[in-house]
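Student: Following this message is one structure expressed as structure tokens.
Each reported figure results from applying straightforward, stated rules to the coordinates on display, with no laboratory input. As the structure is a computational prediction, the values presented were derived from the model and not from experiment. Cβ atoms come from the backbone with ideal geometry, glycine included; neighbour counts cover every protein chain shown.
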Amino acid sequence: MTTRRRSRRLAEGRLLAGLERGITTVARPNPLVIGWRWRYELALLAGLPAGVIALASADGWRWALIEIGLLALNLAVWPEIRALVTARARCVVTAHRLRTGCAQAWIHTRNGKLPILLRIRPTAFGEQAHIWCRAGTSVEDFEFARDLLRAACWAQDVHVARSRRYSHIVVVDVIRRKPGPPQP
């Protein structure tokens, strides 16, 4: 087989793979995956009333309301704690927005499975996500869809890089603000 024929077959294979990916819909996740993706919201939904009830049964309703008010006051007064809570909340929202962006940018396998979000953490510029690419997706898919991911995450910019250690891990930096000059 000549080189020219081989390259034409590769190009046709890529074209057919792209067409198949474009017409394949994202697979519905099973209930266990849905529970995992919404774990923070479910824990807050179940934990907050349980905590209030436990606090009220231990100290009484009046003291429970006073303690909850003091906690809210601490969140309002201390900027460091407020920034920490806001950064963690942004991580939860960004995780959902990245999954939505991947679905809309057709970053999924031929079976319709989305990449797995391994970890997301706050940084000085926004958030950094580590994403596991399943077979059929790659870092090039994320680089091609940077504009869609930026819009989906409500960010100023999105940087995509391959992990230095593992080739199937993609590191996505969601940049919400440019880091300013260092403070003395």
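Student: Given Cα pairs under 8 Å that are at least 6 residues apart, what percent is the relative contact order of region 64-164?
Tutor: Values: 94 pairs, mean separation 22.8, N = 101.
Across region 64-164, relative contact order equals 23 percent.
Student: When the Karplus curve 6.51 cos²θ - 1.76 cosθ + 1.60 is applied with θ = phi - 60°, which whole-Hz ³J(HN,Hα) does each residue of region 26-31 get, with x for Gly and Pro?
Tutor: 6, 5, 6, x, 6, x
Student: Let me ask something additional. Please compute the Kirkwood hydrodynamic radius over region 100-177, one decimal place, Å, based on all pairs of different Cα atoms.
Tutor: Numbers: mean 1/r = 0.0808 Å⁻¹.
Mean inverse Cα-Cα distance, inverted, gives 12.4 Å.
Student: Oh, and also: Among 96-102, 121-127, how do they line up from the highest to the lowest mean number of other beta-carbon atoms within 10 Å?
Tutor: Numbers: 96-102: 20.3, 121-127: 16.6.
Highest to lowest by the protection proxy: 96-102, 121-127.
Student: Separate question: For region 55-106, what ratio Rg/Rh do Cα atoms give with a Kirkwood hydrodynamic radius?
Tutor: When Rh is taken as the Kirkwood radius, the ratio is 1.29.
Student: Something else: Could you work out the Rg to Rh ratio of region 54-184, with Rh taken as the Kirkwood radius (inverse of the mean 1/r over all Cα pairs)? Could you put the intermediate results ahead of the total?
Tutor: On the way: Rg = 19.3 Å, Rh = 16.9 Å.
Here Rg/Rh amounts to 1.15.
Student: Just the number: Rg to Rh for region 31-77, Cα atoms, Kirkwood Rh, two decimals. Please list the in-between numbers first.
Tutor: Values: Rg = 14.1 Å, Rh = 12.2 Å.
Radius of gyration relative to Kirkwood radius: 1.16.
Student: Just subtract the alpha-carbon distance of His96 and Val33 from 0.36 nm times their residue separation and send over the number in nm, one decimal. Could you put the intermediate results ahead of the total?
Tutor: Numbers: separation 63, 0.36 × 63 = 22.68 nm, distance 1.29 nm.
This chain segment gains 21.4 nm when fully extended.
Student: According to a simple spin-label model (label point 7 Å from Cα along Cα-to-Cβ), what is the distance in nm between Arg176 and Ser57?
Tutor: If labels sit at Ser57 and Arg176, their model points lie 3.6 nm apart.
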